[in-house]
Amino acid sequence: MDQYLSTLGTEKQNDATKEIDLCSTLEMVTLMNGQDMEVPKAVESQLLQIAQAVDLLYHALKKGGRMIYVGAGTSGRLGVLDASECPPTFSTPPEMVQGYIAGGDRALRNAVEGCEDSREEGEQVIRQAGVSSRDVVIGITASGSAAYVLAAVEEARRRNAKTIGVVTNTGTPLAALCDVCIAPDVGPEVIAGSTRLKSGTAQKLVLNMLTTCTMIKLGKVYGNLMVDLNPGNQKLQDRARRMICKVTGVDEGQAAEALQQAGNSTKLAIMMLKSGLSRSQAEQTLANADGVLRQALSVLGKDAADDCVMNSRKAENKILQED
């Protein structure tokens, strides 16, 4: 294994930063910024694979399957983070997108490094999650060789689940186990051996695309507005009202009232205002359209896409006049 790790780009010494310990503070952050700018290019090289993964996830989730991240260390924390943000962002049920890290929840705050070498724990987490052929398991590991992740993906395959790999090196053991492997080659880290840096940044960018694009395809977004957000705090309540105003052209008071009538569902409030339907009728229309707002409005001939900008300008002009 040591020989394998020594061949990885992420384990090599970075020629550009060999004397970073002699740099001024400004020189240090400049070097890091320059290296970070290489990450989006590496991710760009994997757009085809990312798109394939999104389509795989979309079809699975649309049929009631789940999206399950497994990782260790930084990779595991990023998976748990991405999963935990889906319910408030897209109003998904907690079980739809799940994240597991080697060492369990304790490893989110404290390094439990030895756990990534446990194949038994990797297999167990898949068994306990009840993974089936309906699900997609996403293994995240910079080296593509963490035993916990490999064992989890292997167990998922035995259960006929689809599998996706997210690594930051090429030709990894994980790639051979996955239906789709996303492998942005980020090269040597700023500090040799610290894959929480460029590797972590690349993984975060990839995970952002996997969940966001999948949720867009599932109808959780209208235009580029997060209409399925869960307005569970004051900031999100304000955000929901502003979205309703932007799409429908009503004022903030009307938006607040519609949001309340819709049981705090931004999407449903927009549907009710644009269609003139009652809550139950709007809910049924959305259900018939698989929850896709654009499709539901189109059926009624009331798609708000064309006049969204116009409504936004009306709202802005009204505020200016009031000022």
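The values are calculated or read from the model by the stated rules, or taken from the named source; none is laboratory data. Small disclaimer: the values here were computed from a predicted structure and weren't measured. Cβ coordinates were reconstructed from backbone atoms using ideal geometry, including for glycine residues, and neighbour counts include every protein chain displayed. Please note that ligands, DNA and RNA were not included when accessible areas were found on the heavy atoms of the full protein model with its side chains. Shrake-Rupley method; radii C 1.70, N 1.55, O 1.52, S 1.80 Å.
Below are the figures for this structure:
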item: Of residues in the stretch 147-171 being within 22 Å of V43 (Cβ to Cβ) and open to solvent by 10 Å² or more (accessible area, probe 1.4 Å), the one farthest from the chain's Cα centre (by Cα); result: G171
item: Where A192 falls short, out of the listed (1) at pLDDT below 95; (2) of a type in the set (A, V, I, L, M, F, W, C); (3) in contact with a Ser or Thr (Cβ under 7 Å, 6 or more places away or on another chain); result: (3)
item: Every pair of residues 6+ apart whose Cβ atoms lie under 9 Å, when the first sits in the stretch 1-28 and is touching a residue at least 60 places away in the same chain (Cβ under 8 Å) and open to solvent by less than 100 Å² (accessible area, probe 1.4 Å) while the second is of a type in the set (D, E) and assigned to a helix (DSSP H, G or I); result: L5/E11; I20/E27
item: Criterion (at pLDDT 95 or above and within 16 Å of L8 (Cα to Cα)) met by exactly one of A175, A146; result: A175
item: For R157: the one exception among (1) in contact (Cβ under 8 Å) with a residue 24 or more places away in the chain; (2) assigned to a helix (DSSP H, G or I); (3) not acidic (D, E); result: (1)
item: Check on A176, outside any loop (DSSP other than H, G, I, E, B) and farther than 16 Å from Y100 by Cβ; result: yes
item: Test result for Q260, open to solvent by 40 Å² or more (accessible area, probe 1.4 Å), more than 21 Å from Q295 (Cα to Cα), assigned to a helix (DSSP H, G or I) and in contact (Cβ under 8 Å) with a residue 12 or more places away in the chain; result: no
item: Test result for D251, touching a Cys at 6+ places or on another chain (Cβ under 9 Å), of a type in the set (D, E) and surrounded by fewer than 21 Cβ atoms within 10 Å (Cβ to Cβ); result: yes
item: Top-ranked residue in the stretch 96-145 [being in contact with a Lys or Arg (Cβ under 7 Å, 6 or more places away or on another chain) and over 29 Å from Q52 (Cα atoms); ranked as surrounded by the most Cβ atoms within 10 Å (Cβ to Cβ)]; result: V112
item: Candidates G64, G71, filtered to the one that is touching a residue at least 24 places away in the same chain (Cβ under 8 Å), exposed (fewer than 15 other Cβ atoms within 10 Å of the Cβ) and either touching a Leu at 6+ places or on another chain (Cβ under 7 Å) or of a type in the set (G, A, S) (or both); result: G64
item: Cβ pairs under 7 Å, 6+ apart, first in the stretch 77-99 and on the phi > 0 side of the Ramachandran plot and without any contact (Cβ under 8 Å) to a residue 40 or more places away in the chain, second open to solvent by 30 Å² or more (accessible area, probe 1.4 Å) and in a helix (DSSP H, G or I); result: none
item: Every residue from the stretch 29-53 that is closer than 18 Å to T195 by Cα and touching a residue at least 12 places away in the same chain (Cβ under 8 Å); result: L31, M32, G34, Q35, D36, E38, V39, P40, A42, V43
item: Residue within the stretch 230-248 that is within 21 Å of S298 (Cα to Cα), small (G, A, S) and either surrounded by 21 or more Cβ atoms within 10 Å (Cβ to Cβ) or over 17 Å from the mean Cα position of the chain (by Cα) (or both) present; result: no
item: Matching strands (runs of 3 or more DSSP E) fully within the stretch 61-141 where at least 3 residues are of a type outside the set (A, V, I, L, M); result: 97-101
item: Positions within the stretch 222-256 being touching a residue at least 40 places away in the same chain (Cβ under 8 Å), assigned to a loop (DSSP other than H, G, I, E, B) and under 30 Å from I182 (Cβ atoms), in sequence order; result: G223, M226, V227, D228, L229, N230
